[in-house]
Amino acid sequence: MAPSSSDLKTLDRATIAEVDASDQLTDVLALPEHLRDAQWKVESANLGQWDSPAGLIVAGMGGSAVGGALARAILGDHASRPIIAARSYGLPAWTTPDSTVLCSSYSGNTEETLACYEAAGALGAKRVVMTTGGELAAAARRDSVRVIPAAGGFQPRAAVGYATVAALEVAAACGAGLRMGSEIDVAAEHLEALVEEWGPDASEDSLAKSIARRIHNTIPLIAGAGLTTPIAYRWKTQINENAKVHAFAHELPELDHNELVGWGGVDGLGPFTQIFLDDSDTHPRTKARIDLTTKLIGDAAQDVIRVESRGRTSAERVFSLVMLGDLVSLYLSVLRGVDPGPVEVLERLKGELSAS
């Protein structure tokens, strides 16, 4: 397929600014500073220490929820108790007073998260809140619940650093995981180098710009495995919200037990691009599956892309792929000529729900 004029568009700061009216680029590039600031904000909350034998539940939606999944991936084998996400109007049926519930809502007005906050209180579970304000902050003040503040002024999805650090620190406070403060500091420094390598001032054939061009005008199917599974979902949601197009996420090895068959029926659909998010710690058999799956997909996909995480620690590797996906989604929005900031249909949905 011959490249379109948009594929050839230069992805430099001036060109991005023509499309990115709300300056989402600045928020994406500020992820290293967000991680450092988030640690300071957790310290300001004076969480203390307590024991939750039943583990940690991170209640939230969208960008506020992904922090819990990323924190679980970063902790890996250092998670000593369950750490799960609750993305609905209620908590898991097994939630007990021995659970800690982190209610994460950037706006503080997410109705599902507010429902989880009330449910946790009714159960007598330990509650912590991460928010910029809204009804959630008001309820926490009323109930003397600790509040971890997040910096204001972002789209909620741009506060991923705050949501992830909050989940990590609450996990450490309740006995579900080790403190990862030094690892987060190292990850922030690592990200600063990746900003130079993948950001708008990098060459036009840099990894992030190249991936955006390769997936432009296709439907991306993103697959993770182990540590990269929640990152694949993050890529999907960032492409949805920033580039305003469909994208889908799955995980290996499960993908090879169902989705692989779907490649036999793509004629007249798509085109599709398959993206595999790989990691140095991915199980060897799963790495073999990526190779074999790529071979079996064959020409059914317009392109197959395999990306490896960067860094030594789990925090470095997780945030390297988060940063890469955020940049890819933003560059894709520029190629499409769509401002990555506004999400009018989501605001309309919330407005109609609140009126019903």
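You can think of it this way: the chain between Arg312 and Ala288 has 6.5 nm of extra reach, that is 0.36 nm per residue less the Cα-Cα gap. Evaluated over the Cα positions of region 237-356, the convex hull gives a direction-averaged projected area, one quarter of its surface, of 10.1 nm². Under a Gaussian network description of the chain, with springs only between Cα atoms under 10 Å, the residue in Gly270, Gly108, Gly175 that fluctuates furthest is Gly270. In plain terms, the C-alpha convex hull of region 215-289 casts an average shadow of 5.2 nm² when viewed from every direction.
Once the piece of chain linking Asp303 and Glu33 is laid out straight, how much longer is it, given 0.36 nm per residue of separation minus the C-alpha distance between them?
Details: separation 270, 0.36 × 270 = 97.20 nm, distance 3.44 nm.
Extending this stretch completely gives an extra 93.8 nm.
Here the Gaussian network model covers the chain, with springs between Cα atoms less than 10 Å apart; of Trp235, Trp198, Trp94, Trp94 fluctuates the most.
Just to verify a number: FRET efficiency for Ser182 and Leu123, C-beta to C-beta distance, R0 = 22 Å, to 0.05? Mind dumping the intermediate values first?
Working: r = 34 Å, r/R0 = 1.56.
In this case the efficiency is close to 0.05.
Taking all Cα-Cα distances within region 162-288, those exceeding 20 Å account for 60%.
So what's Rg/Rh here for region 288-356, counting alpha carbon atoms and using the Kirkwood radius for Rh? Please list the in-between numbers first.
Working: Rg = 18.3 Å, Rh = 15.8 Å.
Over the Cα atoms of region 288-356, Rg/Rh equals 1.16.
Taking the Cα centre of region 1-128 as origin and assigning +1 to Lys and Arg Cβ atoms and -1 to Asp and Glu Cβ atoms, the resulting dipole is close to 400 debye. Considering only Ala232, Ala138, Ala288, the Gaussian network model of the chain with Cα springs below 10 Å gives its largest mean-square fluctuation to Ala288. Evaluate E = 1/(1 + (r/R0)^6) for Ser22 and Phe248, where r is the Cβ-Cβ distance and R0 equals 22 Å; express this FRET efficiency to the nearest 0.05. My answer for the efficiency is 0.25. According to the calculation over all Cα-Cα pairs in the chain, the P(r) per 20 Å bin from zero is 30, 58, 12, 0 %.
Here is the list for region 172-213: GluC sites (Glu not before Pro) lying in DSSP coil, each with at most 16 other C-beta atoms within 10 angstrom of its C-beta, are Glu204. Entry note, the chain: the mean residue ellipticity at 222 nm calculated from DSSP H runs of n ≥ 4, each adding -39500 (n - 2.57), is -14000 deg cm²/dmol after division by the residues and rounding to the nearest 500. At q = 0.11, 0.12, 0.13 Å⁻¹ the log10 of I(q)/I(0) for region 28-179 amounts to -0.33, -0.40, -0.47, computed by Debye summation with a single uniform scatterer per C-alpha, solvent ignored.
How big is D, in µm² s⁻¹, for region 129-178 by Stokes-Einstein at 20 °C and 1.002 mPa s if Rh is the Kirkwood radius over C-alpha pairs?
Numbers: Rh = 11.7 Å.
Approximately 183 µm²/s, per Stokes-Einstein.
All of the numbers you see were taken from the coordinates with simple rules; none came from a lab. This is a predicted model, so every value here is computed, not measured. Heads up, the Cβs are rebuilt from the backbone with ideal geometry, glycines too, and the neighbour counts pull from every protein chain shown.
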